Structures are given as structure tokens and as C-alpha cells.
């Protein structure tokens, strides 16, 4: 699937941010990220 470069860059930054939050030391933060990702899929 072809994406404009700006969309690709934004999506990459968004996913990197989610992965950072998914590895957060706070259990509540990790649970919220997991609930969000489960909700979106």
C-alpha cells in the first residue's frame, strides 16, 4: 500500500509513541495502552 511520506512519518511517530507507552513502568499506563490497542483492532 502506497502512503504519502508525511502520513508514513506521522504513523511511524505515533506507533513509536505507543510502544514507549506499552513499556511504561506504570501498570495502569500499560493496561490503558493494551485496552486501546485491543479496542482498535
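The table for this structure:
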| item | result |
| --- | --- |
| Filtered residue count, region 20-34, keeping only those that are exposed (fewer than 10 other Cβ atoms within 10 Å of the Cβ) and part of a helix (DSSP H, G or I) | 2 |
| Region 8-28 residues that are without any contact (Cβ under 8 Å) to a residue 60 or more places away in the chain, paired with ones that are outside any helix (DSSP H, G or I) and loosely packed, with under 11 Cβ neighbours inside 10 Å (beta carbon under 8 Å, 6 or more apart) | 11/3 |
| Filter pass, residue 37 being in contact (Cβ under 8 Å) with a residue 12 or more places away in the chain, surrounded by 10 or more Cβ atoms within 10 Å (Cβ to Cβ) and assigned to a helix (DSSP H, G or I) | yes |
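Here, each number is a calculation from the coordinates, and none is a lab measurement. Note that this is a predicted model, so its numbers are computed, not measured. So basically every Cβ, Gly included, is an ideal-geometry build from the backbone, and we count neighbours across all protein chains shown.
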